[in-house]
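Structure first, then comments.
The values are calculated or read from the model by the stated rules, or taken from the named source; none is laboratory data. Being a predicted model, the structure only gives us computed values, none of them experimental. Because the Cβ atoms are built from the backbone with ideal geometry, glycine has one as well, and the counts that use them run over all protein chains shown. Accessible surface is based on the protein model in full, side chains and every heavy atom, while ligands, DNA and RNA are left aside. Shrake-Rupley method; radii C 1.70, N 1.55, O 1.52, S 1.80 Å.
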Amino acid sequence: MQVVARGLEAIGRAVGNVVGILYQAGRDTIDQVIRNILPFMAFISMVIGIILYTGIGNIIAHTLSPLASNIFGLLLMSVICAIPILSPLLGPGAVIAQVVGTLLGVEIGLGHIPPQYALPALFAINPQVGCDFIPVGLALGEAEPETTEIGVPAVLMSRLITGPLAVVIAYLASFGMYAGH
Amino acid sequence: MEIAARIAEGFIGMFQKGGTTFVGLVTGIIPLLIVLMTAVNALVRLIGPERIDKVAMISSRNVLLRYLVLPFLAVFFLTNPMAYTMGRFLPEKQKPAFYDAAVSFVHPILGLFPHANPGEIFVWAGIAAGITKLGLGLGDLAIRYFLVGLLVIFIRGLVTERITAIMWARRSVPEGQSQGEESTSAAEAAPAVEAGGAAFASGEEA
């Protein structure tokens, strides 16, 4: 009898544990959506609304779209974003990458930029990723102050090479994507 | 009066357009995102961080594991920004390269696993929205973004490791020669530290 009771208790505890984890996962998700995702959607919607309504969209279509519809324009974009002095300034919160990405998305949706350029564009708008966060990121990895002193310029310099390189790789990898369109 | 009414209509119209966009984003992106994120968050919790630590310790030994498998696992299981804590398993000289690889993967992962960095989802979702608008599927773009992302972080790891090694070697050159080198690196580091601090502060707020 005691064995049965103990068995039931163990099962009950295990199930309770799993349900607790699942519930907590849901809570975390909703938390993220409300605190991070929805506010950014509100901000992006406002920007898109203004751009589409006021005709700024036409200006963007005439400047940004030609730049983003060929490999050289995208390379130029990535080189600018990867310049070691600019990249830490463009990085914070990935706000610049998100806004430029959304603008390009609008232009792709309107047919001003061919869809296969979406892949290289994703890398062209983002060679500065994390460049603002290097000292903090290294500190999280328990790096010595010396390592940070060398690591910050090392990563910034490396981006100048790997930023444009990523665009070229993405460009080559985009062949055959949405080909029928 | 007529003109004033026109202006008012135009003013409201601008935000109506934004509102329509907002509804589109909320109904188009959020439902899938919530369910997917819940599933992956549950999986991560069930596996637990201790096991990931063990895998991380093994992964630090080999270059392919270090800049390919470890950044992926770190970003997938610990998400941005805790992923960078995995750097603690690596020797000092490889920490910048690991950081570079890990941080470069927080966006390419978004197409398939948005739980890893939901606060910055629009790097991916912004461009993806255009593809959706054309009536094309996102699967092709998401998987290519993911795979190219893996290749790019591996290359970044290698390049940054190499650059770090060169700079490290130059630093240990006698005092007189390394003076100029140090002052430039300090000048470059200063704005980055400031920007990093600002980003960290705002991250905590959000």
Could you tell me how many of the residues in region B:137-157 are modelled with pLDDT of 90 or more and open to solvent by 30 Å² or more (accessible area, probe 1.4 Å)? 7
Log entry, pairs with first residue in region A:78-89 being modelled with pLDDT of 85 or more, second being acidic (Asp, Glu), beta carbons closer than 7 Å, six or more apart or on different chains, reads A:84/B:188
I'd like to check something: does region A:27-35 contain any residue that is open to solvent by 70 Å² or more (accessible area, probe 1.4 Å), closer than 28 Å to residue B:42 by Cβ and hydrophobic (A, V, I, L, M, F, W, C)? yes
Condition set aliphatic (A, V, I, L, M) and assigned to a helix (DSSP H, G or I), scope region B:1-24, selection modelled with the highest pLDDT: answer is B:23
Output the number of residues of region A:129-159 satisfying the condition of being facing chain B (nearest Cβ under 7 Å), open to solvent by 10 Å² or more (accessible area, probe 1.4 Å) and more than 21 Å from the chain's Cα centre (by Cα). 4
Failed item, numbered, when residue B:86 is tested on (1) more than 10 Å from chain A (Cβ to nearest Cβ); (2) open to solvent by less than 10 Å² (accessible area, probe 1.4 Å); (3) aliphatic (A, V, I, L, M); (4) over 13 Å from the mean Cα position of the chain (by Cα): (1)
Filtering region A:71-128 down to residues that are assigned to a loop (DSSP other than H, G, I, E, B), surrounded by 24 or more Cβ atoms within 10 Å (Cβ to Cβ) and facing another protein chain (nearest Cβ under 7 Å) yields A:91, A:126
